[in-house]
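For reference, the structure is listed below as structure tokens.
Derivation of every value follows stated rules applied to the coordinates shown; laboratory data play no part. Being a predicted model, the structure only gives us computed values, none of them experimental. Every residue, glycine as well, gets a Cβ built from its backbone with ideal geometry; the counts of neighbours run over all protein chains shown.
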Amino acid sequence: MPINTLFVGKVLLAFEELPSTNAYAQELLATSKPIEGTVITAVQQPAGRGQHGSSWESEAGKNLTCSFILHPGFLPAAQHFALNKAVSLAVRDTVAHFCNDHVVKIKWPNDIYIGDAKTCGILIQNTLQRGALGTSIVGIGLNVNQASFSDWIPNPTSLLMANGLENDPMVVLAHLCQNLEARYLKLKAGKQTEMDQTYLQQLYRFQEISIFQRPNGEILAGKIIGVDPIGKLMVQFDEWTESFDLKEIKLVVSG
Amino acid sequence: MDAKDLQELLKLISRLEFSEFSMREGDFRLTVRGKHYNQGQQVVLSGVPTQVTTAPSAVPAAAPFAAAPAPAATAPAVTPAATATAASDDSRYVAIKSPIVGTFYRSPGPDKPVFVKVGDKVSPGMVVCIVEAMKLFNEIEADITGTVVKALIEDGSPVEYDQVLYLIDPKG
């Protein structure tokens, strides 16, 4: 399937194996000037990264593991979470194309859920220069055809597990490139209000009573009512509203 | 300000958690920086005190402090404390501040060496730390040339917008 875009995916660097596509992208940025929209993919990625220190497991050849290089210099540092919204929406659009659209949601801040299970993780690494974004590496691990996962992974799923159909990871990539370009261009055009609304519409458990857990173990019932400009999750409890950093709250998933 | 006044003043200062306090009246100049200042507490006294004129930004109890000393001064000038030089040193350093709210990391990963340490040279475009916010990892680049003289934030600590992360000596 051809990638029908202006710039995202026009340069595609496909590898059989890379320790980590994000790490390769970093190396590329350090040693050359890769054009905006450059994509790096790897069939196998043994050192795939999740959050600071955690790893990302993907069975060889079954899934899509890729990194995009962007130059969002138009975004002030204070608005860096807007890039996360654009990327999350693009990945959600992509997963939704292969599944029942309305069950595909963004679990704050950027996991993609089908129902109550995670099908995709996103890891964004930016550079900040003089108060604005410089380069951005958007790493995406999307479970496509994997049918079983290690026990330590909390609640995984894949496109195959969700709809029973195998898909070519490169076809998924083509869709992703198109969706990412569309969302990114909207961000660049300053359509942030529209994007803020769409992000909330697509947010997992938005405006629904959910169970939350604080790091000290305290369990609370509340509902997500928004995300503040710096990306904190706003939760309304019985008699108060609170904003949370990622490490300050856990949404307890019943899956 | 006589010795007893000074003693009272110092006692009071030691109880308060100032991050910064400065006052100036004629020849009298007083600078206090409390616990959150990496140099530790320091008091710089010079000239003849009259009364507190400024109680800026600082933290908890500016009011009680202002109310306390301020004697009508006739005493001779107090010689500057030894730490005075340290205070003026800092003013020629340039701060690298956090452009966002988040969690500060001194290295690219748990087992990796730090981006920069005291004594290292930095130059524009060089990564000095990561500030992570809501799973977005932001590498902060230096925008000046110089030598790191202070690294103020512990690895894994929260940082606020505009918080000073490093002090750089541009002549170093």
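What is the Cα convex hull volume of region B:92-169 when expressed per residue in Å³?
On the way: hull volume 6.0 nm³, N = 78.
Normalising the Cα hull of region B:92-169 by residue number yields 77 Å³.
Would you please give the residues with an amide H less than 5 Å from that of A:Leu133, counting only those at least 5 places away or on a separate chain, with H modeled from the backbone geometry?
Here the answer is A:Leu75, A:Ala77, since their amide H atoms fall under 5 Å of that of A:Leu133.
Explain nothing, just compute: Karplus ³J(HN,Hα) = 6.51 cos²θ - 1.76 cosθ + 1.60, θ = phi - 60°, for every residue of region B:138-152 in order, whole Hz, x for Gly and Pro.
10, 7, 8, 9, 5, 10, 9, 9, x, 10, 5, 9, 8, 10, 8
Whose amide H sits under 5 Å from the amide H of B:Lys97, counting only residues 5 or more places off or on another chain, with H placed in the peptide plane?
B:Leu165
So what is the relative contact order for region A:12-201, in percent, with contacts set as C-alpha pairs under 8 Å and at least six apart? Numbers along the way, then the final one.
On the way: 354 pairs, mean separation 41.6, N = 190.
Averaging sequence separation for qualifying contacts and normalising by length gives 22 percent for region A:12-201.
State the extension gain, in nm to one decimal, for the chain segment bounded by A:Glu59 and A:Ile209, taking 0.36 nm per residue of separation less the distance between their alpha-carbons.
Numbers: separation 150, 0.36 × 150 = 54.00 nm, distance 3.53 nm.
Gain on stretching A:Glu59 to A:Ile209: 50.5 nm.
Using the beta-carbon distance between A:Ser148 and B:Ala95 and R0 = 45 Å, what value does 1/(1 + (r/R0)^6) give for FRET efficiency, to the nearest 0.05? Mind dumping the intermediate values first?
On the way: r = 52 Å, r/R0 = 1.15.
So the FRET efficiency works out to roughly 0.30.
Just want to confirm a number: the relative contact order over region A:209-251, from Cα pairs under 8 angstrom separated by 6+ residues, in percent.
Working: 74 pairs, mean separation 15.9, N = 43.
RCO, region A:209-251: 37 percent.
Would you kindly state how much longer the chain becomes between A:Gln201 and A:Ala189 on full extension, computed as 0.36 nm times their sequence separation minus their alpha carbon distance, in nm to one decimal? Intermediate values should be presented prior to the final figure.
Working: separation 12, 0.36 × 12 = 4.32 nm, distance 2.07 nm.
Answer, rounded to one decimal: 2.3 nm.
Hey, fewest Cβ within 10 Å first, where do B:Lys171, A:Lys232, A:Lys107 land in order? List each step's numbers first, then the result.
On the way: B:Lys171 9, A:Lys232 22, A:Lys107 17.
With the fewest neighbours first, B:Lys171, A:Lys232, A:Lys107 line up as B:Lys171, A:Lys107, A:Lys232.
For region A:209-251, take the convex hull of the Cα atoms, compute a quarter of its surface area, and give me that in nm², please.
Values: hull surface 11.0 nm².
Its average projected convex-hull area is 2.8 nm².
5 Å is the cut-off here: which amide hydrogens, built 1.01 Å from N in the peptide plane, fall below it relative to B:Asp120, excluding neighbours closer than 5 in sequence?
B:Val148
Taking 0.36 nm per residue of sequence separation and subtracting the Cα-Cα distance, how much length would be gained by fully extending the chain between A:Asn100 and A:Lys250, in nm to one decimal? Walk me through the intermediate numbers first.
Working: separation 150, 0.36 × 150 = 54.00 nm, distance 2.63 nm.
Extra length from A:Asn100 to A:Lys250 when fully extended: 51.4 nm.
Cut-off is 10 Å between beta-carbons; in what order do A:Leu187, A:Leu160 appear when sorted fewest neighbours first? Let's see the in-between values first.
On the way: A:Leu187 23, A:Leu160 19.
Fewest-to-most ranking of A:Leu187, A:Leu160: A:Leu160, A:Leu187.
If I build a Gaussian network model for chain A, linking alpha-carbon pairs within less than 10 angstrom, which residue out of A:Ala30, A:Ala147, A:Ala221 has the largest mean-square fluctuation?
Taking springs between Cα atoms under 10 Å, the residue moving most is A:Ala30.
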